[in-house]
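Report on one structure; see the data block that follows.
The values are calculated or read from the model by the stated rules, or taken from the named source; none is laboratory data. As the structure is a computational prediction, the values presented were derived from the model and not from experiment. We place every Cβ from the backbone using ideal geometry, glycine too, and count neighbours over all the protein chains shown.
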Amino acid sequence: MIRSVHRPQSALPRAIAISVVIALSLVSLWNNSRSIDGVRYFWLDDDQMISMRYARNLIEGHGLVYNPGERVEGYTNFLWTLVMALVHLLPVTDATASLVVRLLNCGLTILVLWQSERLLLEFRPRARMATPLLLALLVLSHDLLFWSVHGFETTLITLLFVSVVLRIFQEADAGAPRVATFVSMGFLPLIRSDGFHLLAALALLALGLAKDKRRTGWLSLLACALPLAHLAFRRSYYGNWGPNTYYLKVVGIALETRLTSGALYYLDVLARYCVALPLAILGAVRGRDRRRGLLLAGFALSSGYAIWVGGDVFMGSRFVAHFVPVLFVLACSAVDSFTIRGRAAPAVAGALLAVSIAVDFCARVLGPFPSVFQDENGAPAASLVASLLVLRHSRADARIAVHAAGIVPYFSHRYAVDWLGKTDPHVARLPPHDDHIGHNRYDPEYSLGCGVDLVALAWLPPGLSRCTPRDRQSIGGAAPPWVRAMYLSPTFQREFCNHAIELNDAVPIYVRASAPEARSLEHWAPPAVSR
């Protein structure tokens, strides 16, 4: 068994870093929960709650499906969804299942700190200033913490990526590449379906450092076995070669549109790492270390993928977040290697690096961005209250149309029609309405024609339940295009207006006039909600 001769030594900085991660995770945990009628409910990001619905349906015997009886791959995180399924095997309720996932991600984040510190020692075995600097950068990294505290699979991908990089370094030094390392690489596209570029980046690193390139080449091909097996499963189970979101967000979107969107997305990435990336490149140039150059080549590969697909609908750098700890390692080791004028140069460079990440963290927390403390994707608190109202006051076989397809369907246990198409193959293949990738395909008349009894309209301005001419005019630019399209659709105007539940704490719920629920709206009593 190959073991590194380098071991992390700085116990105090590590203990402080772990304490900060735990503290931030607990604050986020509290902020992203509500007490409703005396029961505290926890949630993840709305998109992750879609995966939670798949996971619970699997455990309940319905299969890996969003709605029982319909096979649509509306998730892109196969292995993470299976992890969520394991969580649902525990003695947890709907209210506490997300709590377990959040705590699990907190533990994975602490392991990322540990593995990143070990990776740093591969470059600077006697690193002193670099180690506490690295840990400080990691605990101030919005791209490490945001995805962790809100339940994304990104943390697991990051941990696996950093761990495999470390193993490749150790095995290259020993001249003994191991099968287990390359099998581990093969799990990346199973954690997230677009992880093939991560697999390619690691294979490039392994081949570039290998003494026995023939054996390493064969092992790299072996790493593709698991993704190919998953591809065969997808084709046989769902009937498609790609997840439904691939057709929704990539197929049929003009290349020029995707590249423009991707370039704007990547400009934000460059702005966030405007000090770390140049330092990493400078370290590669000065050190003439093949490992650094190969790692940066892998980063360029992931960056090119992010631009080609049009970036991400989420604020932040999710498509390159797996590389952030490695980027910090390269930057910190470069800072530690500066020798100009004694310790003045590394101190100045380290301070600039730390300040740049701290400023970005504060901007993401205090500015108009989803932050580690509060994620507003899908209006989660209001959606939770709405879902419990639906659960308590609607028929078990009632159908609800949603555009935030996670929290309301998960907690309400109702058949859900996702009119933005994440779980609807028909909508996913419609022509796009605009350039807002991920939210630009919808057909309200089709969706409402799927037997819908209820409609949850997050981000709709309050007080529009009567759908008067003034209401229709006032909605204008006050709501996103996909919400406005549903509200102004003829069927909605004709059959859902004047039958609504509008509470201060809940997403507005509109009821079809012919549905039994329309005759009992006065009994939809608001629950007691508190922080």
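Let me confirm something: among ALA354, ALA345, ALA358, which residue is within 30 Å of PRO125 (Cα to Cα), modelled with pLDDT under 80 and outside any loop (DSSP other than H, G, I, E, B)?
Step by step, each of ALA354, ALA345, ALA358 is checked, and only ALA345 is within 30 Å of PRO125 (Cα to Cα), modelled with pLDDT under 80 and outside any loop (DSSP other than H, G, I, E, B).
Mind checking which residues of the range 467-513 are β-branched (Val, Ile, Thr), over 20 Å from ALA398 (Cβ atoms) and surrounded by 15 or more Cβ atoms within 10 Å (Cβ to Cβ)?
Across the range 467-513, the qualifying residues are ILE475, VAL483.
May I ask you to list pairs of residues, at least six apart or on different chains, whose Cβ atoms are under 6 Å apart, with the first in the range 348-377 being among the acidic types (Asp, Glu) and the second being part of a helix (DSSP H, G or I)?
Between residues of the range 348-377 that are among the acidic types (Asp, Glu) and residues that are part of a helix (DSSP H, G or I), the close pairs are ASP360/ARG272.
So that you can scan it fast, the table gives a plain yes or no per residue for (1) of a type in the set (S, T, N, Q); (2) at pLDDT 90 or above; (3) farther than 26 Å from ASN377 by Cα:
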residue	(1), (2), (3)
TYR442	no, yes, no
TRP459	no, no, no
ARG470	no, no, yes
ALA479	no, no, no
TYR487	no, yes, no
ARG494	no, yes, yes
SER520	yes, no, yes
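Which residues, counting only those in the range 120-130, are assigned to a helix (DSSP H, G or I) and surrounded by fewer than 24 Cβ atoms within 10 Å (Cβ to Cβ)?
LEU121, GLU122, PHE123
For the range 378-407, how many residues are part of a loop (DSSP other than H, G, I, E, B) and of a type outside the set (Ser, Thr, Tyr)?
Total satisfying the criteria: 10.
Restricting attention to the range 51-109, and to residues there that are among the basic types (Lys, Arg) and assigned to a helix (DSSP H, G or I), which single residue is surrounded by the most Cβ atoms within 10 Å (Cβ to Cβ)?
So the residue we want is ARG53.
Looking at the range 500-513, which of its residues are small (Gly, Ala, Ser), in contact with a Pro (Cβ under 8 Å, 6 or more places away or on another chain) and part of a loop (DSSP other than H, G, I, E, B)?
Residue satisfying the conditions is ALA506 alone.
Residues that are within 23 Å of VAL529 (Cα to Cα) and either in contact with a Gly (Cβ under 8 Å, 6 or more places away or on another chain) or in contact (Cβ under 8 Å) with a residue 60 or more places away in the chain (or both): does the range 89-96 have at least one?
yes
Among the residues in the range 323-331, are any out of contact with any strand residue (DSSP E or B) (no Cβ under 8 Å at 6 or more places or on another chain), buried (at least 21 other Cβ atoms within 10 Å of the Cβ) and under 29 Å from LEU248 (Cα atoms)?
yes
Among the residues in the range 199-212, are any among the basic types (Lys, Arg) and surrounded by 14 or more Cβ atoms within 10 Å (Cβ to Cβ)?
No: the range 199-212 contains no residue that is among the basic types (Lys, Arg) and surrounded by 14 or more Cβ atoms within 10 Å (Cβ to Cβ).
Cβ-Cβ distance below 6 Å, separation of 6 or more or different chains: which pairs start in the range 469-490 with a residue that is in the same structural domain as VAL402 (by TED's automatic domain parsing) and end on one that is charged (D, E, K, R) and surrounded by 15 or more Cβ atoms within 10 Å (Cβ to Cβ)?
Listed by first residue and then by second, the contacts come to ILE475/ARG484.
Which of (1) more than 24 Å from the chain's Cα centre (by Cα); (2) surrounded by fewer than 24 Cβ atoms within 10 Å (Cβ to Cβ); (3) hydrophobic (A, V, I, L, M, F, W, C); (4) within 20 Å of TYR510 (Cβ to Cβ) does LEU430 not meet, given it meets every other one?
(4)
Considering each residue of the range 514-531, count those that are assigned to a loop (DSSP other than H, G, I, E, B) and over 35 Å from the mean Cα position of the chain (by Cα), and give that number.
3
I'd like to know if the range 29-39 contains one or more residues that are buried (at least 18 other Cβ atoms within 10 Å of the Cβ), touching a residue at least 60 places away in the same chain (Cβ under 8 Å) and touching a Cys at 6+ places or on another chain (Cβ under 6 Å).
No: the range 29-39 contains no residue that is buried (at least 18 other Cβ atoms within 10 Å of the Cβ), touching a residue at least 60 places away in the same chain (Cβ under 8 Å) and touching a Cys at 6+ places or on another chain (Cβ under 6 Å).
The rows are residues; the columns are (1) modelled with pLDDT of 95 or more; (2) surrounded by 13 or more Cβ atoms within 10 Å (Cβ to Cβ); (3) in contact with a Leu (Cβ under 9 Å, 6 or more places away or on another chain); (4) within 23 Å of ASP336 (Cβ to Cβ).
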| residue | (1), (2), (3), (4) |
| --- | --- |
| THR257 | no, yes, no, no |
| LEU264 | no, no, no, no |
| ILE281 | no, yes, yes, yes |
| GLY287 | no, yes, no, yes |
| ARG290 | no, yes, yes, yes |
| GLY298 | no, yes, yes, yes |
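Condition first: touching a Lys or Arg at 6+ places or on another chain (Cβ under 8 Å), free of Cβ contacts under 8 Å to residues at least 40 places away in the same chain and in the same structural domain as ARG34 (by TED's automatic domain parsing). Can you find one or more residues in the range 121-135 that meet it?
no
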